[in-house]
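Have a look at the structure below before the remarks.
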Amino acid sequence: MAPASAAVVVGGASGIGRATVEMLRSQGTDVYLADINETGAAEVVSAQAAGRGLSGYCDLGSVDGPKQVVQDAVAALGRLDALIVCAGFLVEVELSELSLADWDRTMAVNLRGPFLLVQAAAPVLARSSHGRVVLTASSAAFRGGAGSTAYAASKGGLVAMTRSLALALASARVCVNCVAPGWIDTPFNDPYWVRVGNDQPAHEALEARIPLGVQGSPAEVAAAIAFLASPAASYINGQTLIVDGGLLAS
């Protein structure tokens, strides 16, 4: 019997991506997890779950990596219904210290990589009865950050690209959306805490800005991703779902 869905998750050895893999597999979805941290990816999929778990390597910032991971995922799963991109690269430095190398790496991982993944996966997703693409942007796409110039620019580009990709793939009935997490409690934010001071007052000041009063959990973002990747999200296309505890509304 064919699985309910087969998905490739790029960037899932930790944080939001890991929570997404765990949630999808608990729902019976077969998942191919690709990450630059091959050992971590293998550990994530080794857990028992309703859906199969397989893993492989992907450097999303490379030129050939995105196309290769799509080929590897299709070979492993036999089909592809959803492409989910959770990988990201964050540099937190003052403007005067932002190097061209860090700018280029940020754009390669956060913007070019997702584009190349979608380009490679589009023909395969078009053969699915419920083809889905879910990209991961950030609330940084809609607000400023003194230390995150490159990151915010890349995520703003991803939001804009989501709309264009949705139009490009609409005739194939492939829905393209993205989620924009706010402050989620994961190690991904460590560069920010290093810059501002990783102490209790800094954490309290941040959480005081969030209407719900706490940072979100990876599972709370994973729930949004899993929904957008599901057959139930059949009439949602070209949208950005903000998951930030009300921060941007405040």
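The values are calculated or read from the model by the stated rules, or taken from the named source; none is laboratory data. Note that the structure is predicted; figures quoted are calculated from it, not measured. Note that each Cβ is placed from the backbone with ideal geometry, even for glycine, and that neighbours are counted across all protein chains shown. Please note that ligands, DNA and RNA were not included when accessible areas were found on the heavy atoms of the full protein model with its side chains. Shrake-Rupley method; radii C 1.70, N 1.55, O 1.52, S 1.80 Å.
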Checklist line | Contact order relative to length of the chain, as percent, for alpha carbon pairs under 8 angstrom and 6 or more apart | finding: 19 percent
Check: Net charge near G61, counting Lys/Arg +1 and Asp/Glu -1 over other residues with Cβ under 14 Å of its Cβ?
Finding: -2
Notebook entry, point to check: Along the range 122-135, what does the Karplus equation 6.51 cos²θ - 1.76 cosθ + 1.60 (θ = phi - 60°) give for ³J(HN,Hα), rounded to whole Hz, x for Gly and Pro?
Noted result: 3, x, 6, 5, 5, 7, 7, 7, 8, x, 9, 10, 10, 9
Next item on the list: Within the set of other residues whose C-beta is less than 12 Å from the C-beta of S154, count the net charge using Lys and Arg as +1 and Asp and Glu as -1.
Entry: +1
Checklist line | Net charge of Cβ neighbours under 11 Å - reference A41; Lys, Arg +1; Asp, Glu -1 | finding: -2
Notebook entry, point to check: Separation of the range 195-216 and the range 133-188 by C-alpha centroid, Å?
Noted result: 23 Å
Checklist line | For S5, residues with placed amide H under 5 Å, excluding near neighbours | finding: D30
Note to self: Quick check: at a probe of 1.4 Å, how many percent of the accessible area of the chain sits on carbon and sulfur atoms?
What the structure shows: 56 percent
Check: When the dipole is taken about the Cα centre of the chain, and only Lys, Arg (+1) and Asp, Glu (-1) are charged at their Cβ, what size is it in debye, to the nearest 20?
Finding: 1040 debye
Notebook entry, point to check: When the chain is modelled as a GNM with alpha-carbon springs shorter than 10 Å, which of A172, A34, A101 fluctuates the most?
Noted result: A101
